[in-house]
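Comments concern the structure below.
Just so it is clear, none of the values below were taken in a lab; they were calculated from the coordinates. Quick caveat: nothing in here was measured; it's all calculated off a predicted structure. In this analysis, Cβ positions are derived from the backbone assuming ideal geometry, glycine residues included, and neighbour counts consider all displayed protein chains.
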Amino acid sequence: MKDYDLDADEQDLFDAYEADELVAVSSFNKESTKAKAAAKATLNKTMNISIRLSQQDLYKLRAKAIEEGLPHQTYASSILHKAAAK
């Protein structure tokens, strides 16, 4: 049973892998480092947003952030990240 859908490029790569047609890159470490840097740059882009919170919620958020030892904006971002990842 397959629980994912592949686009055409991914399917081509998968088929090549299954057919044992992939060849190792001679400068693997260099290419791996470049790929990791590109992925990190793509995934770590942030955007500024504005949200309206009640004063009470903001105070509670700041208090919990202090308990966690984090700045309140970082704490709020981590909560949103966890919710979005579900």
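Some notes on this structure:
- Sites A63 and L43 - FRET efficiency at Förster radius 35 Å, r taken between beta-carbons, to 0.05: 0.70
- What the phi angles of segment 50-57 give under the Karplus curve with 6.51, -1.76 and 1.60, with θ = phi - 60°, is a coupling list of 10, 10, 9, 10, 5, 4, 5, 5 Hz, glycine and proline written as x.
- Karplus-derived 3J(HN,Hα) values for segment 27-36, using 6.51 cos²θ - 1.76 cosθ + 1.60 with θ = phi - 60°, are 10, 4, 4, 5, 5, 5, 4, 5, 5, 5 Hz; glycine and proline are entered as x.
- Cα-centred dipole magnitude for the chain, charges only on beta-carbon of K, R (+1) and D, E (-1), debye, nearest 20: 1100
- Filtered GluC sites (Glu not before Pro), the chain: DSSP coil and at most 15 other beta carbons within 10 Å: E21
- For segment 11-86, the Cα-based Rg and Dmax, in that order, read 21.0, 60 Å.
- Contour excess over end-to-end distance, with Cα ends at V25 and S77 and 0.36 nm allotted per residue: 14.9 nm
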